[in-house]
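Worksheet: the structure to be examined is printed underneath.
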Amino acid sequence: MVSLILIMYSWKTEYFFLTLILLSPVILLTWLILHLVKKYAGDRFKGIFHYSLIITGTVAGLLFILYMTIVLTFQHQVNVQMGFNYGTPDTPEGELFVITRIDNGLPMNEAGLNEDDIIRTSAVSDLYTMIYKNQGKEIIVPIKRNGSDLNIPVKVPGFKSTFFLRVYGMLIDL
């Protein structure tokens, strides 16, 4: 298991360049098509092409906003029902997944997690996916507490079904 705590700074740079490399062909192809349309197409087709680009960009933006709304709302609902919250402060070691609040009487408190525990995971979404997929079961949460690595068993309840919970489930099952 990778013991990196979220993404280290060097990885962020590599992801940026990897994304740039992967998007470059799409950007170049779009630029080429745009210039071919400007040069060879008639005015009517130029107008249709222009509006199709606007509609495509608008739909892509709205889908991104919808996706982020679903993910963030799901994470909030899980935080409330599991009884914890977290922060991801930047430190010289990178971003940390630090528990900032534990609610009494809820699963994270009953498992023995404390404020300032650091959950060892490669991404925030990994923890939420693990919690979602193991409803009604026990999971092992790897943490770092006072310099020691611990594995804490946490009983995950079955969550109240909501729109955002069902949609998040569909998204991670794709």
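Tabulated results
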quantity: Members of segment 122-174 that are in contact (Cβ under 8 Å) with a residue 40 or more places away in the chain and among the acidic types (Asp, Glu); calculated: Asp149
quantity: Wholly enclosed helices (runs of 4 or more DSSP H) of segment 105-174 bearing at least 1 residues modelled with pLDDT under 85 and in contact with a strand residue (DSSP E or B) (Cβ under 9 Å, 6 or more places away or on another chain); calculated: 124-133
quantity: Of all residues in segment 35-77 being of a type in the set (Gly, Ala, Ser) and modelled with pLDDT under 85, the one that is surrounded by the most Cβ atoms within 10 Å (Cβ to Cβ); calculated: Ala41
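The values are calculated or read from the model by the stated rules, or taken from the named source; none is laboratory data. This structure is a prediction, so every number in the text was calculated from the model and none was measured. Neighbour counts are summed over all protein chains in view; Cβ atoms, including those assigned to glycine, are modelled from backbone coordinates with ideal geometry.
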